[in-house]
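Trainee: First the structure, which I've put down as structure tokens, then a few questions once you've had a look.
The values are calculated or read from the model by the stated rules, or taken from the named source; none is laboratory data. Keep in mind it's a predicted model, so treat the numbers as computed, not measured. Ideal geometry is used to build each Cβ from the backbone, glycine not excepted, and the neighbour counts take in all protein chains shown.
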Amino acid sequence: MSLEQFKNRSVGTQTYKMVDYEPTPDTGMGRFQRVVSRTFRGELFVGLYVTMREMINALFGGGMHTTKYPFEKLPISPRYRAIHDMLRLLESGHYRCIGCGLCEKICISDCIKMDTRYDENQRKEVTEYTINFGRCIFCGYCAEVCPELAIVHGQRYETASEQRASFSIFDDMLTPKDALGQQQEFDGFGAVSPNADDNIKKTPLAY
Amino acid sequence: MEIAVLPEVTSAGVIIKAIIILAIISAVAGFGTYLERKVLAFMQRRLGPMHVGPFGLLQIAADGIKLFTKEDIVPQNANKLIFQIAPSITAATAFIALAAVPVFPDFTIPEWIPLLGGVFVPSIAADINVGVLFILGMMAAGLYGPLLAGMAQANKWGIIGSARTAIQFLSYEVVTGLSILAPIMLVGSLSLVDFNEYQTGGFASWMVWQQPVAFILFLIAGFAETNRTPFDLLENEAEVISGYATEYSGMRWGMFFIGEYANMITVSVIAAVMFMGGYNDLGFIAGWLIVILKIAFIFFLMLWVRASWPHIRPDQLMWLCWKVLMPIAVINIVITGFVMMV
């Protein structure tokens with residue numbers, strides 16, 4: 001199935017197969033005939049065939065569907081809002097945050113706390129920056145409001161913890177200086193996931 | 001069996017065979033849970049148990065340790081005595097039924113084995129002349145387990161479960177008895193050893209070809225007898241939580257399931273011995289091997305059906321048993337009788 005077919009939402013032009021419901025018989029003889037025809041139509045054996053086909057396909061045809069989760073991971077969508085990342089400027093390596101405070105203002109669960117000062121070059125410098133992930137609802141407003149694309153949502157979704165609340169400070173979220181080359185640019189909200197072409201065929205809506 | 005053996009050897013042999021049956025069948029029943037989970041998983045394109053041991057084989061041990069060490073809770077308003085003995089009824093009757101079931105051909109223990117070498121072993125614990133009747137009676141008595149368990153536990157789901165046990169029992173037991181009456185008429189004996197002797201003539205002499213209707217009826221009734229999926233009314237989770245097993249935990253709960261799996265094995269053995277040629281050699285394949293393959297196929301069929309078919313309502317079960325299967329069984333008996341007379 002191609003993408004064009006998938007995007008076609010106009011109901012009338014698609015080839016639907018109408019289910020042919022027989023009228024319910026009124027007489028005892030009619031009901032008896034229906035039972036007999038259903039019994040000998042062999043639909044039960046079609047059911048048996050389907051499960052056997054799936055089993056052979058799973059075992060020998062590579063159709064096994066399981067992802068062994070802790071050992072294998074599926075790529076997640078760029079839209080996914082996981083633990084925040086603080087990005088650096090690629091040219092200078094300096095962090096992008098200009099200390100404007102918009103994320104702190106817009107945060108609806110009031111979990112971002114930041115403190116800034118002017119450094120010796122009269123530039124805003126971030127002295128304190130924490131996100132309380134016990135409170136954060138991962139709404140994504142902070143990333144959306146950020147004028148510098150400094151705070152984005154990253155890919156770390158395994159956030160189970162033994163503490164009720166866990167905090168993250170600026171340096172933990174900041175791209176390490178030596179890993180600047182591996183820094184992932186945020187594709188933006190609405191970007192498709194890297195394996196979108198594979199997934200679109202598996203969507204139940206597709207058939 | 002006409003080979004003379006010392007009486008003290010036979011009585012000791014019966015005890016040894018009883019112990020072997022108990023040990024092997026409970027081990028195989030445990031292994032059956034593993035097989036069921038694996039087969040169901042494959043049919044749903046999953047992997048099943050994978051992490052305990054190679055391919056998850058030691059999952060049985062993990063489950064066993066869990067069941068043995070779990071706290072055994074008796075509900076406050078339950079009838080404590082009945083609640084506690086009900087699981088053992090299910091498990092015990094399932095094993096007792098196996099006493100009259102022959103699985104392998106008779107054999108002689110090789111001479112080089114110390115102490116027992118050269119002893120002739122008839123592969124049945126008790127070749128009683130009412131074998132089939134005894135097995136059916138014991139499996140029917142096994143239904144007292146769920147019945148009493150459901151009524152003793154002071155739980156509405158348990159009551160519904162035991163009510164369903166009663167209707168299921170009343171429905172299928174008639175079909176089981178009538179369906180194998182026609183083969184019994186042909187063989188002229190109730191002993192399963194005689195059933196096996198009747199089918200010595202290779203593939204063409206199997207009882208299935210003479211009594212196909214009886215075979216299908218027996219399979220359907222056997223599924224009902226072992227509470228397998230098209231007829232798993234007693235403990236259907238979506239409707240009655242766990243039915244009769246709702247309040248059970250730990251090893252008492254485990255005994256119900258050992259009994260259920262032992263019953264599955266019994267039904268598989270009866271179907272293999274009574275209808276599918278038993279443990280006679282088939283061509284070049286030895287009898288003991290072919291009977292294991294037959295039993296394994298019937299067992300697999302039960303898992304296969306569970307993965308494929310939806311289950312039916314209690315009223316549909318009664319409708320099926322009383323209005324469809326029982327008349328067919330009676331007609332089958334009448335036709336068999338006419339054919340034998342002519």
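Trainee: Condition test on A:GLN155, is it assigned by TED's automatic domain parsing to the domain that holds A:GLN183, polar (S, T, N, Q) and on the phi > 0 side of the Ramachandran plot?
Mentor: Details: assigned by TED's automatic domain parsing to the domain that holds A:GLN183: yes; polar (S, T, N, Q): yes; on the phi > 0 side of the Ramachandran plot: no.
So A:GLN155 does not fit the description; no.
Trainee: Testing B:MET302 on (1) surrounded by 14 or more Cβ atoms within 10 Å (Cβ to Cβ); (2) more than 30 Å from B:PHE68 (Cα to Cα); (3) in contact (Cβ under 8 Å) with a residue 60 or more places away in the chain, one condition comes back false. Which one is that?
Mentor: Just one mismatch for B:MET302, condition (2).
Trainee: Within the stretch B:323-342, count every residue that is closer than 18 Å to B:LEU219 by Cβ and within 14 Å of chain A (Cβ to nearest Cβ).
Mentor: Result for the stretch B:323-342: 4.
Trainee: Still on this model: At least 3 residues that are buried (at least 23 other Cβ atoms within 10 Å of the Cβ), touching a residue at least 24 places away in the same chain (Cβ under 8 Å) and in contact with a strand residue (DSSP E or B) (Cβ under 7 Å, 6 or more places away or on another chain) in each: list the helices (runs of 4 or more DSSP H) lying fully within the stretch B:204-264 that qualify.
Mentor: Output list is empty.
Trainee: Sticking with this one: Can you tell me which residue is farthest from the other protein chains (Cβ to nearest Cβ) among those in the stretch B:300-315 that are assigned to a helix (DSSP H, G or I) and of a type in the set (A, V, I, L, M)?
Mentor: Step by step, filter the stretch B:300-315, then rank; the result is B:MET302.
Trainee: Tell me the residue from B:SER171, B:SER179 that is small (Gly, Ala, Ser) and touching a Cys at 6+ places or on another chain (Cβ under 8 Å), please.
Mentor: The match here is B:SER171.
Trainee: List, please: which pairs have Cβ atoms under 7 Å, are six or more places apart or on different chains, and start with a residue in the stretch A:28-47 that is at pLDDT 85 or above and end with one that is part of a helix (DSSP H, G or I)?
Mentor: Between residues of the stretch A:28-47 that are at pLDDT 85 or above and residues that are part of a helix (DSSP H, G or I), the close pairs are A:GLY47/B:SER308.
Trainee: Of all residues in the stretch B:52-88 being hydrophobic (A, V, I, L, M, F, W, C) and within 30 Å of B:ALA286 (Cβ to Cβ), which is farthest from the chain's Cα centre (by Cα)? Even if it seems obvious, please write down each step before you answer.
Mentor: The first filter runs over the stretch B:52-88 and keeps only residues hydrophobic (A, V, I, L, M, F, W, C), leaving B:52, B:55, B:57-58, B:60-62, B:65, B:67-68, B:73-74, B:78, B:81-83, B:85-86.
Subset that is within 30 Å of B:ALA286 (Cβ to Cβ): B:55, B:57, B:60.
On the way: B:PHE55: 27, B:LEU57: 23, B:ILE60: 20 Å.
Checked the stretch B:52-88; the qualifying residue farthest from the chain's Cα centre (by Cα) is B:PHE55.
Trainee: Let me ask something else about it. For residues in the stretch A:61-114 being farther than 17 Å from A:PHE167 by Cα and not in a loop (DSSP other than H, G, I, E, B), which is nearest to the other protein chains (Cβ to nearest Cβ)?
Mentor: A:ARG88
Trainee: From the set of residues in the stretch B:152-174 that are crowded, with 19+ Cβ neighbours inside 10 Å and among the aliphatic types (A, V, I, L, M), which is nearest to B:LEU317 (Cα to Cα)?
Mentor: Result: B:ALA163.
Trainee: OK, next. Just a yes or no: is a residue in the stretch A:136-154 touching a Ser or Thr at 6+ places or on another chain (Cβ under 7 Å) and modelled with pLDDT under 90? Walk me through it before giving the result.
Mentor: Pass one, the stretch A:136-154, residues touching a Ser or Thr at 6+ places or on another chain (Cβ under 7 Å): A:136-137.
From the residues that got through so far, the ones that are modelled with pLDDT under 90 too are A:136.
Taking every residue of the stretch A:136-154 in turn, at least one turns out to be touching a Ser or Thr at 6+ places or on another chain (Cβ under 7 Å) and modelled with pLDDT under 90.
Trainee: On the basis of being part of a loop (DSSP other than H, G, I, E, B) and within 14 Å of chain A (Cβ to nearest Cβ), does B:PRO49 make the cut?
Mentor: Numbers: part of a loop (DSSP other than H, G, I, E, B): yes; within 14 Å of chain A (Cβ to nearest Cβ): yes.
Judged against the criteria, B:PRO49 is a match.
Trainee: State the number of residues belonging to the stretch A:137-171 that are among the acidic types (Asp, Glu), more than 15 Å from the chain's Cα centre (by Cα) and assigned to a loop (DSSP other than H, G, I, E, B).
Mentor: Total meeting the criteria: 2.
Trainee: Please give the number of the condition B:ILE124 fails out of (1) over 21 Å from B:LYS294 (Cβ atoms); (2) in contact with a Pro (Cβ under 6 Å, 6 or more places away or on another chain).
Mentor: (1)
Trainee: How many residues, within the stretch B:265-299, are part of a helix (DSSP H, G or I) and either of a type in the set (D, E, K, R) or out of contact with any helix residue (DSSP H, G or I) (no Cβ under 7 Å at 6 or more places or on another chain) (or both)?
Mentor: Final tally of qualifying residues: 9.
Trainee: Just checking, which of B:ALA91, B:ALA163, B:ALA154, B:ALA126 is outside any helix (DSSP H, G or I) and either within 21 Å of the chain's Cα centre (by Cα) or closer than 25 Å to B:HIS311 by Cα (or both)?
Mentor: Only one candidate qualifies: B:ALA126.
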